[in-house]
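The values are calculated or read from the model by the stated rules, or taken from the named source; none is laboratory data. Treat the numbers as computed from the prediction; the structure is a model and nothing was measured. Positions of Cβ are backbone-derived with ideal geometry, glycine not excepted, and every protein chain shown enters the neighbour counts. Note: accessible area is taken over every heavy atom of the protein model, side chains too, but ligands, DNA and RNA are not part of it. Shrake-Rupley method; radii C 1.70, N 1.55, O 1.52, S 1.80 Å.
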Amino acid sequence: MKAAVLHNYGQDLKVQDVELQEPQKGEVRVKMKAAGICHSDQHVIDAHLPLPVPIVLGHEGAGVVDAVGEGVTGVQQGDHVALNWVPSCGKCHYCRIGRTDVCDEASKISMMATMLDGTTRFSVDGKNVHQFPSTGTFSEYTIVPENSAVPISKDVPFELAALVGCCVITGVGAVMNTAKVEPGSTVAVIGAGGVGFNVIQGAALAGAKQVIAIDMLDEKLEMTKQFGATHTINAKDGDSVGAVLSLTERLGVDYAFEVIGRPETIQNAYNMTKKTGMAVVVGISAPNESVSVNAFSLPNQAKTLAGSWLGQGNPHVDYPKLLDLNAAGKLELEALVSQTFTLDEVNEGLAALRAGKNIRGVIRF
Ligand code: APR
Ligand code: ZN
Ligand code: ZN
């Protein structure tokens, strides 16, 4: 079978023949039908998220269960599933308190790029190839832990199911679960990408009265209005913190979301919140980076600087909910898919992501 492999940071992926093992105990083999191209994949190529190479990237994906390993009971051959890049062990402290989004076992493999047991299922010429943790969706088939294959209804188009697995749960979840945005709130979103668009539509759904989208590309800013942005700011015009203050009677916003993964924009998010406000970091910065905020302002202005991983969600609970919200017309998932590619065109899809051409580009198999 074919998969797209990153052999060296900074290079194109190579679409090539790759061997895939049989699913082991507690694992599921999935025939991929759709895979979204997310900036977290690009972060690996840029060595900003330095996962080991060679690696099969891709973590937003949906497909059909093709085979199951010993002991799998939750899904069977033929089921449609949306994948999840944060598997949960069910046994660690965080799983026991209901915070599967930060499962210790998932954290352990998040930089190893392997299955939960530390080994991988892909190889080329007998040599192991890593996979984006628990996924590896830029591939005709992949193997995931049972917990990472979330059953979805057969009516749901695979493209939408794929996006629910990263940009939708991450963006909408940051609003609903982490910030808990109340009706009438003011919100700013820095970074109008696949994830940022979902923060924007989540904020609109939560009843925010003002949703300010901030990006560097006018075309994308224009598109955010369809998803509920009430105002837009082009960060290239200069001081985006000042621009947010101007739009909010010099107060700042109740909630600011950083959806890029850069210390400067995280600081801006913090600085554009009002007293009592909350800045939520969604974007993934490189592991060695730090942010600096004024220490006095934290207590004196009663501010919160928070983080959100996988939208603080639980895929088994949230994917069906998010798909129901879409079916009820409360979320707009179809319009997120702005271009499709074949697996052979994966590098064009990544180039379009870097150029900011799409809300989401999706590979169709
Ligand atoms: N100021 C404003 N906007 C910026 C800046 C900046 N300095 N730098 C980049 N952007 C915009 C880009 O123009 C683009 O529209 O941020 C957006 C990022 O969008 P995508 O590339 O589609 O990224 P996405 O897949 O949404 O991921 C965003 O979330 O999950 C994490 O790892 C992911 O850190 C990444 C972030
Ligand atoms: Zn756990
Ligand atoms: Zn992603």
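When the residues of the stretch 346-362 are narrowed to those that are buried (at least 17 other Cβ atoms within 10 Å of the Cβ) and over 16 Å from the mean Cα position of the chain (by Cα), which ends up farthest from C167 (Cα to Cα)? The selected residue is V346.
Each row is one residue, and each column tells you yes or no for (1) open to solvent by 20 Å² or more (accessible area, probe 1.4 Å); (2) in contact with a Cys (Cβ under 6 Å, 6 or more places away or on another chain).
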site: G10; (1), (2): yes, no
site: Q16; (1), (2): yes, no
site: K25; (1), (2): yes, no
site: V30; (1), (2): no, no
site: A34; (1), (2): no, no
site: C38; (1), (2): no, yes
site: D41; (1), (2): no, no
site: I45; (1), (2): no, no
site: H48; (1), (2): yes, no
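With a requirement of 2 or more residues that are within 16 Å of A34 (Cα to Cα) and either assigned by the TED database to the domain that holds I214 or out of contact with any Pro (no Cβ under 9 Å at 6 or more places or on another chain) (or both), the strands (runs of 3 or more DSSP E) lying completely within the stretch 272-365 that satisfy it span 337-341, 360-364.
Kindly evaluate I284 against the criterion of being under 19 Å from A192 (Cβ atoms), among the aliphatic types (A, V, I, L, M) and open to solvent by 30 Å² or more (accessible area, probe 1.4 Å). Against the criterion (under 19 Å from A192 (Cβ atoms), among the aliphatic types (A, V, I, L, M) and open to solvent by 30 Å² or more (accessible area, probe 1.4 Å)), I284 qualifies. Could you please let me know if D237 is more than 19 Å from the chain's Cα centre (by Cα) and either open to solvent by 10 Å² or more (accessible area, probe 1.4 Å) or closer than 28 Å to D41 by Cβ (or both)? Criteria met by D237. Return the residues of the stretch 287-309 that are among the hydroxyl-bearing types (S, T, Y), surrounded by 14 or more Cβ atoms within 10 Å (Cβ to Cβ) and under 23 Å from A192 (Cα atoms); say none if nothing qualifies. Scanning the stretch 287-309 gives T304, S308. The residues of the stretch 157-172 include none that are open to solvent by 10 Å² or more (accessible area, probe 1.4 Å) and more than 14 Å from G36 (Cα to Cα). Residues satisfying the criterion are present in the stretch 283-296 (criterion: among the acidic types (D, E), in contact (Cβ under 8 Å) with a residue 12 or more places away in the chain and either touching a His at 6+ places or on another chain (Cβ under 9 Å) or over 26 Å from A204 (Cα atoms) (or both)).
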